[in-house]
Amino acid sequence: SVEKLYKIATIPGDGIGVDITEAAIQLLEKVAEVDGTFKFQWENFDWSSKNYKERGYYMPPDGLEQLQKHDAIYFGAVGWPDVPDHISLWGLILPIRKYNNQYVNVRPTRILEGTKSPLTQCANKPEDLDWVIIRENSEGEYAGQGGTTHENSPHTIATELAIFTRVGIERIMRFAFETARSRPRKKLTMVTKSNAQRHGMVLWDKVFHEVAKEYEDVEWDKMLVDAMTVRMVNNPQSMDTIVATNLHADILSDLAAALSGSIGIAPSSNLDPTRRYPSMFEPIHGSAPDIAGKGIANPVGAFWSAAEMVRWIGKGELDHVADGLMTAIENVTAAGIKTKDLAGSANTKEVTEAVCKEVEKVL
Ligand code: NAI
Ligand code: MG
């Protein structure tokens, strides 16, 4: 039989990004071996903060072209205390998102089997907290416009321009409505701040209402971002799909991850829905310098991201593999094999090996 080959670029980056990327590759190799209809071809890129300090760059000048030869990108985390965070983010992850047209960032959150939400009103049934946050991934406050003048004087001026375009808003709203429509509850909550931010956010609202007319089967509501944090804590059952700007969704998705148990379980997919450029898959957490090198990072967010990567590259043909992978992950959490952040005592390696073993049974 002819096996399909998927070319994956891996960028482990810094800190626990290295541990969890290694764990994800080990798991995906196991998945391909057990399934037997496809294979991965890995190419590793050592674009890290340590190498930045030696070379003076994260990505070489042809870095983006090198990535574009792949079917997908698997990313660990970037950032280390000895390099300013805006240098590492703008040196690596933000240009990859921007120049590969990854205008959607999908961040699902739910309470996994055998784990607990810190929220007391969650009985920890699956329906207690089951959200998909759709993050606008190309503009807003992260567009990169602005500047600094009169530097090193008492009158230093710095501006950070939030960019909102009709095209950018329309495409993210459409993706959010399609996501809401594809889920059983067909429910979308739109997050805004159009009371205080009276230009960009007003356009955001206006385009939302226009697109909503095309999706009459989707029930929607609208929240100001500050009130949204309260609703996420007090009434998690009341939401399903959530759409928010780049900045708002960045913050809300960390909160969502914590409310579902740990930031260590949360995945994210940076998608180019046109499929012209490779999409990128990464856990939402950072390099976690406080636990790096100890072998105790939770690999679940990395595994969930890997499952979403399989789903994406399979274009509908590998959904059963992605679903099987999620079942394997949840069988392991349900069995109590968990890292410390989930109140367990297993290390990264033990969780990884347990999920690999489960894959043999489930797939
Ligand atoms: P962080 O996500 O690295 O860590 C926050 C806290 O969560 C820490 O206490 C950490 O130990 C814990 N944590 C995170 N992931 C975990 C896991 N898998 N298992 C167990 N515990 C986990 O965020 P922080 O500390 O704000 O940032 C550290 C560095 O990472 C910074 O340089 C930051 O810029 C960078 N960063 C990079 C991101 C990326 O590459 N996409 C995203 C967020 C931060
Ligand atoms: Mg973040």
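Coordinate-derived values only; no laboratory data. Computed from a predicted structure; not experimentally measured. No Cβ is skipped: glycine too gets one built from the backbone with ideal geometry, and neighbour counts run over all protein chains shown.
Normalised by 2.2 N^0.38 Å, where N is the number of residues, the C-alpha radius of gyration of segment 10-115 stands at 1.19. Taking 0.36 nm per residue of sequence separation and removing the Cα-Cα distance, the ASN44/ALA212 pair yields an extension gain of 56.3 nm. Computed on segment 165-303, with alpha-carbon pairs under 8 angstrom and 6+ residues apart, the relative contact order is 22 percent. Computed with the Debye formula from one identical point scatterer per Cα of segment 209-363, without solvent, the log10 of I(q)/I(0) at q = 0.09, 0.19, 0.21 Å⁻¹ comes to -0.36, -1.32, -1.39. Using C-alpha pairs under 8 Å with a sequence gap of at least 6, the mean separation divided by the residue count of segment 125-224 gives a relative contact order of 25 percent. Partners of LYS213 within straight-line reach, counting lysines whose Cα lies under 17 Å from its Cα and excluding those fewer than 8 residues away in the same chain: LYS186, LYS187, LYS222. Distance from the C-alpha centroid of segment 165-206 to that of segment 1-75: 32 Å, rounded to the whole angstrom. This ranking places LYS30, LYS340 by how few other beta-carbon atoms lie within 10 Å of each, fewest first, which gives LYS340, LYS30. Over all other residues within a Cβ to Cβ distance under 12 Å of ARG110, the charged ones net out to -3, with Lys and Arg as +1 and Asp and Glu as -1. Put a plus charge on the Cβ of each Lys and Arg, a minus charge on the Cβ of each Asp and Glu, and nothing anywhere else: the dipole of the chain about its Cα centre is then about 460 debye. Largest GNM mean-square fluctuation across GLY147, GLY36, GLY63, computed for the chain with C-alpha springs under 10 Å, falls on GLY147.
Can you give the relative contact order of the chain as a percent, counting alpha carbon pairs under 8 Å and 6+ residues apart? Don't jump to the answer; show the numbers that get you there.
Numbers: 735 pairs, mean separation 80.9, N = 363.
So the answer I get is 22 percent.
Within the set LYS7/LYS349; LYS116/LYS340; LYS39/LYS357, which residue pairs have Cα atoms separated by over 22 Å? Where the Cα-Cα span goes over 22 Å, the pairs concerned are LYS7/LYS349.
Annotation: Cα Rg of segment 203-290 relative to the compact-globule expectation 2.2 N^0.38 Å equals 1.27. Each 10 Å bin from 0 upward holds the following percent of the Cα-Cα pairs of segment 231-274: 23, 56, 19, 2.
When the alpha carbon coordinates of the chain are projected onto the principal axes, the ranges are 56, 51, 42 Å, largest first.
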